[in-house]
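Visitor: Quick one: structure below, then a few questions.
The values are calculated or read from the model by the stated rules, or taken from the named source; none is laboratory data. Remember, it's a predicted structure, so these values are computed and weren't measured experimentally. No Cβ is skipped: glycine too gets one built from the backbone with ideal geometry, and neighbour counts run over all protein chains shown. Each accessible area value is taken on the protein alone, full model and side chains, heavy atoms only, with ligands, DNA and RNA left out. Shrake-Rupley method; radii C 1.70, N 1.55, O 1.52, S 1.80 Å.
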Amino acid sequence: MSKYGPTRGEHLFRLVFSIFGLGCIGVLFAVRGVPNGPGLVEVVGIAAAFFVGTAVLSARALLRRDQG
């Protein structure tokens, strides 16, 4: 176990925050519809990439620490 890395609680917070953010994007689609033009890439694409990436990395770290 790394002495300087994020704690298990921080990874759990990141995972929950990412799932919440993806849920907000889903609500955005449900309420406003899919944006057209650059808004799709700027708002949805970058935010979704951030939330998905953070969720995957945090889940992977949590699963790895449980087994190790």
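Visitor: Filter region 6-49 down to the residues that are touching a residue at least 40 places away in the same chain (Cβ under 8 Å) and either open to solvent by less than 80 Å² (accessible area, probe 1.4 Å) or farther than 16 Å from LEU63 by Cβ (or both) and list them by number. Show your work before the answer.
Guide: Applying the first criterion (touching a residue at least 40 places away in the same chain (Cβ under 8 Å)) to region 6-49 yields 6, 8, 11-12, 14-15, 18.
PRO6, HIS11, LEU15, SER18, listed by residue number.
Visitor: As an exercise: evaluate VAL56 against (1) in contact (Cβ under 8 Å) with a residue 24 or more places away in the chain; (2) open to solvent by less than 90 Å² (accessible area, probe 1.4 Å) and give the number of the one condition it does not meet.
Guide: (1)
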